[in-house]
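The values are calculated or read from the model by the stated rules, or taken from the named source; none is laboratory data. Since the structure is predicted, the reported quantities are computational estimates derived from the model, not experimental observations. Every residue, glycine among them, receives a Cβ derived from its backbone with ideal geometry; neighbour counts consider all protein chains shown. Accessible surface is based on the protein model in full, side chains and every heavy atom, while ligands, DNA and RNA are left aside. Shrake-Rupley method; radii C 1.70, N 1.55, O 1.52, S 1.80 Å.
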Amino acid sequence: MLANVYLHYVFDLWANQWRARHARGDVVLVRFADDFVAGFQHRDDAEQFLVDLRERFAQFNPELAAEKTRLIEFGRYAAQNRAARGDRRPQTFAFLGFTHMCATTRAGKFKPAATEFAPRRRQRPPSSVVVGTGVERETTPASWGAVSPARVGGSVLLLDRACGTWNALVEHARV
């Protein structure tokens, strides 16, 4: 709780002030506890924000995690821009337990997508799966299809809510 109050003054108020004074385009800031994502319309805004953020944090001693702090191209034109440069598909980022990525609808329009974190290395599949009734059933990989919809249904709804929430935050930030 104390860290949340601390970051409110060190980051939130400063970031809103920075957005009003320095940003040329749209800026979306989403923070949950000590994690945040900042989205920028223009790359030079993102680069300047990162420089200024490091200076701000140097004054108050919180540290940015080097392995989690990076600039990526994300959004409607990311795939086209990267393909024109000969790069692979757009990068993904992890936030709030989901991996966020650029996707398209069946009509070919941009849609941000999110999936649950995948484990870094493959784990051995479980020999038994607990179904919602609390009864443990022995299963084999061939019979997993019968269990999967029950286990995946909540994740699909949660993912849909996560993408809808992200879209709502982007729309709210533009107002």
Q. So which residues in region 38-47 are touching a helix residue (DSSP H, G or I) at 6+ places or on another chain (Cβ under 9 Å) and of a type outside the set (Phe, Trp, Tyr)?
A. 38, 39, 45
(Q) Tell me the residue from 142, 103 that is among the small types (Gly, Ala, Ser), at pLDDT below 85 and either farther than 30 Å from residue 7 by Cα or touching a strand residue (DSSP E or B) at 6+ places or on another chain (Cβ under 9 Å) (or both), please. (A) 142
Q) If you check every pair at least six apart or on different chains, which have Cβ atoms under 7 Å apart with a residue in region 16-44 that is among the small types (Gly, Ala, Ser) first and a residue that is open to solvent by 80 Å² or more (accessible area, probe 1.4 Å) second? A) 25/41
Q: Scan region 124-132 and give yes if some residue there is under 28 Å from the mean Cα position of the chain (by Cα), part of a loop (DSSP other than H, G, I, E, B) and at pLDDT below 60, otherwise no.
A: yes
Q) touching a residue at least 12 places away in the same chain (Cβ under 8 Å), hydrophobic (A, V, I, L, M, F, W, C) and out of contact with any Leu (no Cβ under 6 Å at 6 or more places or on another chain), is that true of residue 64? A) no
